[in-house]
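Engineer: Just dropping this structure here.
The values are calculated or read from the model by the stated rules, or taken from the named source; none is laboratory data. As the structure is a computational prediction, the values presented were derived from the model and not from experiment. Quick reminder, even Gly has a Cβ in these numbers, built from the backbone with ideal geometry, and neighbours come from all protein chains shown.
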Amino acid sequence: MRIVIAFLLTLGIFMLLPSAGVKPHAAGSTLKTIVLDAGHGGQDPGCNGAGEIWEKNVTLAITLKLGKLLEDSMKDVKVVYTRKTDKFVELWERPNQANKDNADLFISIHCNANNNTAAAGSETYFMGLHKTSGNLEVSKRENSVITYESDYKTNERYGGFDPNSPESHIIFTLVQNAFLQQSLKFSQMVENQTGAISKVKSRGIKQAGFLVLWQTAMPSVLVETGFLTNASDRAVLKSEEGQKIIAKGIYKAIVAYKKELEKSAAIKAEKKNTATDSTKSAKNIR
Ligand SMILES: [Zn+2]
């Protein structure tokens, strides 16, 4: 219990950190900057698909394809990459990059793995308490990559997070997330779009505690694009064509999400104009 309290205290102090030095902006109200986070890299290969391919290579390939689609067609959106090559990026640095850039959306791209090779399909996660042990297992596997960082135990940026402690994976999901609704909405869009065009079927949207999403000061999701341990998913994830289709699905979700943000901004502006007009009319009456 004492460990849990100590962890919570550290967490309390730590939660102040993401905002430090980051100038406040209305994150999530517009889509000007997107951070694409290719999961793993360098000494951290991620999960393996039957000895044929590593997760880090698939996530990078999909991320670069998605980035290219965005750069080619959304000239008003800045695309930032946490990595563009096979290099190791510490886990804390990924959301840190997004916060520094005042990003409006953070997308972390991954591949799933399971001992049951029949498990297949994509899942998009947003931050929250897991509802099934399966979801917890996914976040545990993804969070365990901090052990590649030799100083993770003493690095205050992780607030004493212990990948071997069940409490650690749960406690930090209880922190209020101001962007929960938008993250949920975007997760749904990703699953709708990728599920509709890819051969990887959608397993739906899910919640779990991911360290990489924990400190993002904007709507953020983690896409498990498919299971590298499943032969049919792996065939899609390994192929250029399959990667292109998945990137296209996420791209279409971004287009839909941007449209929705612009629509609600237009409605807000319209309401504001109407309110100003009524004030002016009221003044004229007087
Ligand atoms: Zn991963």
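Engineer: Of all residues in the stretch 87-104, count the ones that are away from the ligand (no atom under 13 Å from the Cβ) and not in a helix (DSSP H, G or I).
Structural biologist: Of the residues in the stretch 87-104, 8 are away from the ligand (no atom under 13 Å from the Cβ) and not in a helix (DSSP H, G or I).
Engineer: I would also like to ask the following. Could you tell me which residue of the stretch 29-45 is surrounded by the most Cβ atoms within 10 Å (Cβ to Cβ), considering only residues that are within 16 Å of the ligand (Cβ to nearest atom) and not in a strand (DSSP E or B)?
Structural biologist: Among them, the one singled out is Gly39.
Engineer: Give me the pairs, please: first residue somewhere in the stretch 231-242 and in contact (Cβ under 8 Å) with a residue 40 or more places away in the chain, second residue anywhere and crowded, with 22+ Cβ neighbours inside 10 Å and among the acidic types (Asp, Glu), beta-carbon distance under 6 Å, and either six or more positions apart or on two chains.
Structural biologist: Between residues of the stretch 231-242 that are in contact (Cβ under 8 Å) with a residue 40 or more places away in the chain and residues that are crowded, with 22+ Cβ neighbours inside 10 Å and among the acidic types (Asp, Glu), there is no close pair.
Engineer: How many residues are basic (Lys, Arg) and within 15 Å of the ligand (Cβ to nearest atom) if we restrict to the stretch 131-184?
Structural biologist: Matching residues across the stretch 131-184 total 2.
Engineer: Right, next: Within the set of pairs 6 or more residues apart or between chains, which connect a residue that is in contact (Cβ under 8 Å) with a residue 40 or more places away in the chain inside the stretch 118-145 to a residue that is aromatic (Phe, Trp, Tyr) and more than 14 Å from the ligand (Cβ to nearest atom) with Cβ atoms less than 9 Å apart?
Structural biologist: Listed by first residue and then by second, the contacts come to Thr124/Phe186; Phe126/Phe179; Phe126/Phe186; Met127/Phe172; Met127/Phe179; Met127/Trp214; Asn143/Phe161.
Engineer: What pairs come out if I take residues in the stretch 59-86 that are closer than 24 Å to Phe227 by Cα and in a loop (DSSP other than H, G, I, E, B) and pair them with residues that are among the small types (Gly, Ala, Ser) and within 16 Å of the ligand (Cβ to nearest atom) whose C-beta lies under 6 Å away, six or more apart or interchain?
Structural biologist: Between residues of the stretch 59-86 that are closer than 24 Å to Phe227 by Cα and in a loop (DSSP other than H, G, I, E, B) and residues that are among the small types (Gly, Ala, Ser) and within 16 Å of the ligand (Cβ to nearest atom), the close pairs are Arg83/Ala38; Arg83/Gly41; Asp86/Gly41.
Engineer: Need the failing condition index for Ala120 against (1) modelled with pLDDT of 95 or more; (2) closer than 27 Å to Ser264 by Cα, just the number.
Structural biologist: Only one criterion is unmet by Ala120, namely (2).
Engineer: Checking the conditions here, which among Gly209, Gly128 is more than 16 Å from the ligand (Cβ to nearest atom) and not hydrophobic (A, V, I, L, M, F, W, C)?
Structural biologist: Gly128
Engineer: Same structure, new question: Just checking, how many residues over the stretch 215-263 are over 14 Å from Thr124 (Cα atoms) and in contact with a strand residue (DSSP E or B) (Cβ under 7 Å, 6 or more places away or on another chain)?
Structural biologist: Adding up the residues that qualify gives 9.
Engineer: So in the stretch 46-86, with the set limited to residues that are of a type in the set (Ser, Thr, Tyr) and surrounded by fewer than 20 Cβ atoms within 10 Å (Cβ to Cβ), which one is farthest from the ligand (Cβ to nearest atom)?
Structural biologist: Taking the candidates together, the pick is Ser73.
Residues are listed down the side, and each one gets a yes or a no for (1) of a type outside the set (Ser, Thr, Tyr); (2) at pLDDT 95 or above; (3) in contact with a Cys (Cβ under 8 Å, 6 or more places away or on another chain); (4) under 26 Å from Gly128 (Cβ atoms):
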| position | (1), (2), (3), (4) |
| --- | --- |
| Ser187 | no, yes, no, yes |
| Val190 | yes, yes, no, yes |
| Ser202 | no, yes, no, yes |
| Ser220 | no, yes, no, yes |
| Asn230 | yes, yes, no, yes |
| Ala235 | yes, yes, no, no |
| Ile246 | yes, yes, no, yes |
| Ala253 | yes, yes, no, yes |
| Lys271 | yes, no, no, no |
